[in-house]
Amino acid sequence: MNASSSPAGNESTPLCYSINTPPFNRSSTAFTLSAVFSSLGLTSNLIALVVLAKAYQRTRSRSRSFFLTFLGGLVTTDFMGLLVTGTIVLTYYLTGFDWRQLDPRCHFCNFFGMSMVFYGLCPLLLGAAMAVERFVGINRPFARSASMPGSRAVSMVLVVWTFAGGLALLPLAGVGSYHLQPPGSWCFINISPRGSDRAFSLLFSAVGLASIAVSLVLNTVSVGTLVRVCCGQDRGQRRRDYEVEMMVQLLLIMVIATLCWCPLLVFIAQTVLSGRPLQIRRLLLFLRFATCNQILDPWVYILFRRAVLQRFYPSLLVSRDSIMSLYPSLRRMTRRSPLAGARGRLSQDEPPESITATDTPTASTLIQA
């Protein structure tokens, strides 16, 4: 694997410590940031899991259950990623363990690096898969309803996890390598312009950027379709309410992923292609940006739902039959669009949730809504 020793008994440096070798100086600032990020992320994703579970039990729409399944996979991935990596990082800062003594053959470092790649790519790949599902559901609703069983969403989530896991295993097969990174609390791919490290670094960056590009293109087309169909003559169709709600949530997930991940992915590609030395401070900064994605993702669903928005802004509730009242700008756009009533007849959806406009928003109402 990534360790070697000489037959004469003289210990050589394992590959994962060949660039950065312990010990490192521990920083109280880095510990504080890691603790805050982990706590916020774990709490946010845990709340989102509870909300999603309650929503999934109530839904009677196939398209909505598909979307909630993908969201559940996304939130679960974010939660596990923060739990696994955050636990190791915080343990390092609290105990100051020596990586060379704890992990002389790099197995633990390889596991950490694999976790970083797996839990980093999964949200981007799941975002692209959600964009594909919404594109098919909005533009080809009858074909999707006839050909896709309810378990298909679970299968697609499992395929995404398998694909990301396969990419994370490539360094163990000799394509790239995982190395301990300053300040000594984490392991990641070796961002280098040489050999297989170059290929794997570019692969990691390309997969992430391609996932974002797919999401951008398909979501743009889906939004265009919704703008055309939402102002059909049958304005009372509840199906459109939930189509727009899901599309708004998916767009926010895409925007967050783009803002959080593009700096890191572009930085990796630029460093490898230019051949310049790795700037560790910029790497750590962009990595913290990427971590924000796991913290912000769950709040998209927690906050941007009809029930929650109506509790916070009851004055926006002009008509209980249309979510257009919650998105005035979109409503104005659809009023100016040509009628497309025939394309607006998608499929029957569940009735809107019962809302009391005078309820006071609290943490418990966010979960129960």
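The values are calculated or read from the model by the stated rules, or taken from the named source; none is laboratory data. Quick caveat: nothing in here was measured; it's all calculated off a predicted structure. Cβ sites come from the backbone with ideal geometry, for glycine too, and all protein chains shown count toward neighbours. Surface accessibility is based on the protein's heavy atoms, side chains included, excluding ligands, DNA and RNA. Shrake-Rupley method; radii C 1.70, N 1.55, O 1.52, S 1.80 Å.
Please determine, by comparing only the residues of the stretch 35-60 that are of a type in the set (G, A, S) and open to solvent by less than 30 Å² (accessible area, probe 1.4 Å), which one is farthest from L74 (Cα to Cα).
Here the answer is A35.
Given the stretch 22-104, what helices (runs of 4 or more DSSP H) lie entirely inside it while holding 2 or more residues that are on the phi < 0 side of the Ramachandran plot and touching a Gly at 6+ places or on another chain (Cβ under 9 Å)?
28-58, 62-95
Any residue in the stretch 123-132 that is under 17 Å from T85 (Cα atoms), modelled with pLDDT of 90 or more and assigned to a helix (DSSP H, G or I)?
Yes, the stretch 123-132 contains at least one residue that is under 17 Å from T85 (Cα atoms), modelled with pLDDT of 90 or more and assigned to a helix (DSSP H, G or I).
Condition check: over 25 Å from the mean Cα position of the chain (by Cα) and hydrophobic (A, V, I, L, M, F, W, C). Does F97 satisfy that?
Answer is yes for this residue.
Which members of the stretch 292-318 meet the condition of being open to solvent by 30 Å² or more (accessible area, probe 1.4 Å) and modelled with pLDDT of 75 or more?
Selection gives C292, L296, W299, L303, F304.
Which one of the conditions (1) out of contact with any helix residue (DSSP H, G or I) (no Cβ under 9 Å at 6 or more places or on another chain); (2) open to solvent by 50 Å² or more (accessible area, probe 1.4 Å); (3) closer than 30 Å to T87 by Cβ does V175 fail to meet, given that it meets all the rest?
V175 satisfies every listed condition except (1).
Quick check: anything in the stretch 76-95 among the β-branched types (V, I, T), at pLDDT 90 or above and over 25 Å from P182 (Cβ atoms)?
Yes, that holds for at least one residue.
In the stretch 157-166, which residues are open to solvent by less than 80 Å² (accessible area, probe 1.4 Å) and more than 14 Å from A128 (Cβ to Cβ)?
G165, G166
Among the residues of the stretch 248-291, count how many are touching an Asp or Glu at 6+ places or on another chain (Cβ under 8 Å) and surrounded by fewer than 22 Cβ atoms within 10 Å (Cβ to Cβ).
1
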